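Working notes, structure below.
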Amino acid sequence: MKKFRQTHTQFSDEELLKQFIETSNQEFLGALYTRYIPLVYGLCLKYLRQIEDAEDAVTDIYEELTQKIYKYTIINFKTWLYSVAKNHCFQILRKEKNIIFEEIDAQIMESDNFEHLLNINENEEKEKALNYCLSKLPDTQRKCVEYFFFDGFSYADIVEITDFELIKVKSFIQNGKRNLKICIQKKIKK
């Protein structure tokens with residue numbers, strides 16, 4: 001294990017996550033979580049507004065991960081962790097401060113007739129077309145589309161994750177959605 005401690009930075013998130021799930025060795029999860037402590041702390045501080053509360057939340061979220069990680073299929077650890085941390089903060093605020101959150105479901109507003117193109121359960125041809133077309137999108141559009149439609153993040157979440165301005169996020173989603181729709185329709189007609 002000594003060698004791992006010295007070289008854990010060379011492992012990808014996926015490799016560390018896989019090693020933790022296979023071995024339950026806390027060192028793997030600790031190395032992975034340490035990469036994102038600044039993100040988690042910043043998020044917690046943003047919502048909880050107290051340094052001590054944010055520090056406590058960072059510790060609590062780590063403990064929460066040790067249980068939750070086995071219950072989910074995690075494709076992108078960073079985005080999943082962001083979601084877990086945000087939900088943790090919301091639970092604290094609801095419980096301690098009696099604050100009620102009601103998020104506008106922007107996904108419904110954005111989806112129009114686009115959702116049926118994302119339903120890959122319909123057929124294999126559509127799934128191949130979707131994967132191909134996603135890979136052809138500019139990186140900024142692809143990321144925003146994936147975060148919004150596949151990961152269920154709000155505009156604010158995407159701004160937080162990517163550091164793009166809100167207007168850019170909306171533009172990337174709209175343009176990405178349009179380009180994806182055109183590409184998928186062309187690919188399926190062939």
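The values are calculated or read from the model by the stated rules, or taken from the named source; none is laboratory data. The model shown is predicted, which means the values in this text are computed figures rather than measured ones. Heads up, the Cβs are rebuilt from the backbone with ideal geometry, glycines too, and the neighbour counts pull from every protein chain shown.
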Enumerate the pairs (first residue in the range 165-177 and in the same structural domain as GLU146 (by TED's automatic domain parsing); second residue anywhere and basic (Lys, Arg)) with beta-carbon separation below 7 Å, excluding pairs fewer than 6 apart on the same chain, so at least 6 apart or on different chains.
-> GLY176/ARG142
Odd one out for PHE90, checked against (1) in a loop (DSSP other than H, G, I, E, B); (2) at pLDDT 50 or above | (1)
Of the residues that make up the range 64-76, is at least one of a type in the set (Phe, Trp, Tyr), within 21 Å of TYR147 (Cα to Cα) and either surrounded by fewer than 19 Cβ atoms within 10 Å (Cβ to Cβ) or at pLDDT 90 or above (or both)?
-> yes
Scan the range 173-190 for residues that are more than 14 Å from ASP139 (Cα to Cα) and in contact with a Phe, Trp or Tyr (Cβ under 8 Å, 6 or more places away or on another chain) and jot them down.
-> LYS181, CYS183, LYS187
Please work out if THR79 is over 16 Å from GLU160 (Cα atoms), among the polar types (S, T, N, Q), touching a residue at least 40 places away in the same chain (Cβ under 8 Å) and surrounded by 13 or more Cβ atoms within 10 Å (Cβ to Cβ).
-> no
